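Working notes, structure below.
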Amino acid sequence: MAPNTEQPAPEPSTAPEKSPNTRRIIAGALVAVLLVGAAFALGRLSAPIATAPSTTSAEAGFARDMRTHHSQAVDMAMIVRDETDDPEIRLLAYDMIMTQQSQAGQMLGWLAEWNLPTTESEPSMTWMTRPALTGGTTHDHATGGAHVAGDPMPGLATSDQMAKLKTLTGVEAEKYFLELMIAHHKGGVEMAQAVLDRSNEKVVVALANGIVYSQTSEIELMETLLSKRQ
């Protein structure tokens, strides 16, 4: 009898099906990360250390504060990823974790390249209270003084809100996560726009533009996801 050479049929895929809207948002965020990474590498090769920003500059302040802002977003995304079985929320959370960890690493790289400390020499968000570059701007917060130095960063969740998120599961966790993260992203966009008003540093401008683009798109997606759960 001839040996049986038939191969077993492949198991059906169990990967979650992504909606077209989610695929568009995730693809846009990944493109933004790749573009920012390329700009960061180019900036390291082209910018001599003699022109590095100072430790009290908008660029340095933004790098330190946005790293902190991103760190909380990663924490929230990891919490909801473990407290929901919804594939769309889990995919969104995973993308946020990967994107914001990557961007935080880029900002740490800037500070190292500029020979600057990773800790603040003045209250957080002081850079955002200072005037914009000469020539004016389209952003209301760029006139200086709109944010108080040392105040919480825009959109940052409180310790009580983070503690509450950890107590929730399922749809309730999804809803609260989306509410917190929409506010968090709006704050991140505000910070990115603020540094665009205050910096011409190529790598900073590239990353800030990427944040505005990707997080604005994710806000739209999260608002849609939240409306489905009301």
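The values are calculated or read from the model by the stated rules, or taken from the named source; none is laboratory data. What you are looking at is a predicted structure, and each value in this text was computed from that prediction instead of being measured. Here the Cβ positions follow ideal geometry from the backbone for every residue, glycine too, while neighbour counts run over all protein chains shown.
Report, by residue number, each residue of region 81-96 that is under 16 Å from the mean Cα position of the chain (by Cα) and closer than 15 Å to Lys166 by Cβ. Ala93 - this is the single residue of region 81-96 that is under 16 Å from the mean Cα position of the chain (by Cα) and closer than 15 Å to Lys166 by Cβ. In region 115-127, the residue that is farthest from Met153 (Cα to Cα) out of those that are in contact (Cβ under 8 Å) with a residue 60 or more places away in the chain and surrounded by fewer than 20 Cβ atoms within 10 Å (Cβ to Cβ) is Asn115. Within the bounds of region 134-151, is there any residue that is at pLDDT 95 or above and either more than 14 Å from the chain's Cα centre (by Cα) or farther than 20 Å from Asp197 by Cβ (or both)? Checked region 134-151: no residue is at pLDDT 95 or above and either more than 14 Å from the chain's Cα centre (by Cα) or farther than 20 Å from Asp197 by Cβ (or both). Condition check for Pro117 on (1) in a loop (DSSP other than H, G, I, E, B); (2) modelled with pLDDT under 95; (3) closer than 22 Å to Asn200 by Cα: one failure, at (2). The set of residues in region 194-230 being among the polar types (S, T, N, Q) and buried (at least 20 other Cβ atoms within 10 Å of the Cβ) consists of Ser199, Ser214, Gln215.
The lone criterion from (1) surrounded by fewer than 16 Cβ atoms within 10 Å (Cβ to Cβ); (2) more than 19 Å from the chain's Cα centre (by Cα); (3) at pLDDT 95 or above left unmet by Thr158 is number (2).
When Glu174 is tested against (1) under 15 Å from the mean Cα position of the chain (by Cα); (2) buried (at least 17 other Cβ atoms within 10 Å of the Cβ); (3) not aliphatic (A, V, I, L, M), just one condition goes unmet, and that condition is (1). Could you list all residues from region 80-93 that are more than 19 Å from Met66 (Cα to Cα) and either touching a strand residue (DSSP E or B) at 6+ places or on another chain (Cβ under 8 Å) or in a helix (DSSP H, G or I) (or both)? Passing the criteria: Val80, Arg81, Asp82, Glu83, Pro87, Glu88, Ile89, Arg90, Leu91, Leu92. Figure legend. Inter-residue proximity from region 201-230: first residues closer than 26 Å to Gly170 by Cβ, second residues among the hydroxyl-bearing types (Ser, Thr, Tyr) and surrounded by 14 or more Cβ atoms within 10 Å (Cβ to Cβ), beta-carbon distance below 7 Å, spacing 6+ or different chains. Indicated pairs: Leu221/Thr22. Taking the conditions exactly as written (in a helix (DSSP H, G or I), of a type outside the set (Asp, Glu) and touching an Asp or Glu at 6+ places or on another chain (Cβ under 7 Å)), does Val74 satisfy them or not? Criteria not met by Val74.
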